[in-house]
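Each remark here refers to the structure printed beneath this line.
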Amino acid sequence: MEDNNIVEFICKIPKAELHLHIEGTFEPELMFKIAERNHIKLKYQSVDELKAAYNFNNLQEFLDIYYIGSRVLKTEQDFYDLTMAYLTKASGQHIMHTEIFFDPQTHLENGVPFPVFFNGIYNAIMAAEKVLGIRVELIMCFLRHLDEASAFDTLEQSLPFKDKIIGIGLDSSEKGNPPEKFRRVFEKAVQYGFMPVAHAGEEGPVDYIHEALELLKIKRIDHGNRSKDDAHLLSKIALHKIPLTLCPLSNLKLQVVKDLKEHPLKHFLDNDIVATVNSDDPAYFGGYLNENIIAVQQALNLQKDDIIRLAKNSFEASFISAEQKKHYLGLVDAFVSEFKSH
Ligand code: HPA
Ligand code: ZN
């Protein structure tokens, strides 16, 4: 397939996104607009000056700026606008289904009550499902740099909205904050019916992936890059079909990989892992989902069959029902046959 053709193929194939932080979709232009409306002064004078600060040597340097950005979000309307902007973009990229992370503790610490941010996000989802036809689920993340008590408190505050949240996750500073710290919170959350996932093996050691699987009983590994070096773990992940949600441009920007040519995605696909590609925090890392897939396609010389596999994996790895999976996998097959003949 020629270069132009494969780019068009990537852009138009039906797909799902499973690793996306809504706070990480906060584009500088919208940040300035909302800051002005909330009478908040940003320390940057312009969009360009803000963008120039998006130069990270590691995860923590990114998180420091990402949490500052989120302080601008105050009202239900702010959360609505943020979510609607992402869903509009996602729908334009032929994303049919997305499972979105949000960070309650960030907003609670900023003085925004749970119902305010939650209803803003949720009302945008309801509107987008109706108008754009995209399907959306929500995953609430605990910040791992905070303590267990704070996570328990957040879990309690989420209970009135429990039926509108499909899962729980674990994000923020990985090193020094092992999954073990949240074993009891995850146990409780699973009893409430939340699906457990966790960021593991992004910057942290491979042991954290083992811990997240064994102690937190996660159903999906967010990032999981470090499992590349553990053949035994890889065969276990393949056997149990535990998906990985990889984020190539994020890995490049946070220096998890030095070059996309070294990205483990292809290694995972070759080892029968249900690997998926995602954008993580697209406003900060220079690309939404299609840009991520195009970047790895070029760096790793992925072929059309790999792209089909990634699209199918994205639905297989999602938390939709078996029946819905069948429907979306059918859409992928229909797209592939249609594309051949045009
Ligand atoms: N890792 C950990 N925490 C995060 C990330 C990430 O990539 N993005 C937003 N919060
Ligand atoms: Zn992430």
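The values are calculated or read from the model by the stated rules, or taken from the named source; none is laboratory data. As the structure is a computational prediction, the values presented were derived from the model and not from experiment. Heads up, the Cβs are rebuilt from the backbone with ideal geometry, glycines too, and the neighbour counts pull from every protein chain shown. Please note that ligands, DNA and RNA were not included when accessible areas were found on the heavy atoms of the full protein model with its side chains. Shrake-Rupley method; radii C 1.70, N 1.55, O 1.52, S 1.80 Å.
Can you pull the Rg over Rh of the chain, Cα-only, Kirkwood?
Radius of gyration relative to Kirkwood radius: 0.94.
Under 5 Å between amide H atoms, partner at least 5 residues away or on a different chain: which partners does ARG220 have, H built in plane at 1.01 Å?
ALA198
Can you work out ³J(HN,Hα) from phi for every residue in region 86-102, in order, using Karplus 6.51 cos²θ - 1.76 cosθ + 1.60 and θ = phi - 60°, giving whole Hz and x for Gly and Pro?
Rounded to whole hertz, the list is 5, 5, 5, 4, 4, 4, x, 9, 6, 7, 8, 8, 9, 10, 9, 7, 9.
Tell me which of SER314, ASN290, LEU234 sits at the most positive position along the dipole axis of region 223-340, charges placed on C-beta atoms (Lys, Arg +1; Asp, Glu -1).
So the residue furthest toward the plus end is LEU234.
Can you list the HN-Hα couplings for region 160-173, worked out from phi with the Karplus curve (6.51, -1.76, 1.60; θ = phi - 60°), rounded to whole Hz and with x for Gly and Pro?
x, 10, 3, 6, 9, 10, 7, x, 10, x, 9, 9, 6, 5
Tell me, what % of the accessible area of region 39-175 is carbon and sulfur with a 1.4 angstrom probe?
Percent of accessible area from carbon and sulfur atoms in region 39-175: 52.
Which far-off residues, 5 or more places away or on another chain, put their amide H under 5 Å from the one on THR98, with H placed in the peptide plane?
GLU17, ARG135, VAL136, GLU137
Could you give the dipole magnitude of region 3-335 about its Cα centre, charging the beta-carbon of Lys and Arg +1 and that of Asp and Glu -1, in debye to the nearest 20?
540 debye
Please compute the per residue accessible area over region 1-60 with all protein chains in place, 1.4 Å probe, rounded to a whole number of Å².
In whole numbers, region 1-60 has 51 Å² accessible per residue.
Convert each backbone phi in region 145-156 into a coupling constant with the Karplus relation 6.51 cos²θ - 1.76 cosθ + 1.60 (shift: θ = phi - 60°), then list the ³J(HN,Hα) values in order as whole Hz, x for Gly and Pro.
With the stated coefficients, region 145-156 comes to 7, 8, 8, 4, 4, 5, 5, 4, 4, 5, 4, 4 Hz.
Kindly provide the GluC sites (Glu not before Pro) of region 1-109 that DSSP labels as loop, not H, G, I, E or B, and whose Cβ sees at most 14 other Cβ atoms within 10 Å.
Answer in residue order: GLU2.
Of GLY176, ASN278, HIS342, which is farthest along the charge dipole of the chain in the positive direction, counting Lys and Arg as +1 and Asp and Glu as -1 at C-beta?
Result: HIS342, furthest along the dipole toward the positive end.
Could you give the alpha-carbon Rg of region 184-342 over 2.2 N^0.38 Å, rounded to two decimals?
1.06
For HIS263, what accessible area in Å² do you get when you roll a 1.4 Å probe over the heavy atoms of the protein chains, rounding to the nearest 10?
The value for HIS263 is about 10 Å².
Please list, in chain and number order, the residues 5+ apart from ALA275 or on another chain whose amide H is under 5 Å from its amide H, with Hs placed from the backbone.
The list, which skips near neighbours in sequence, is LEU244.
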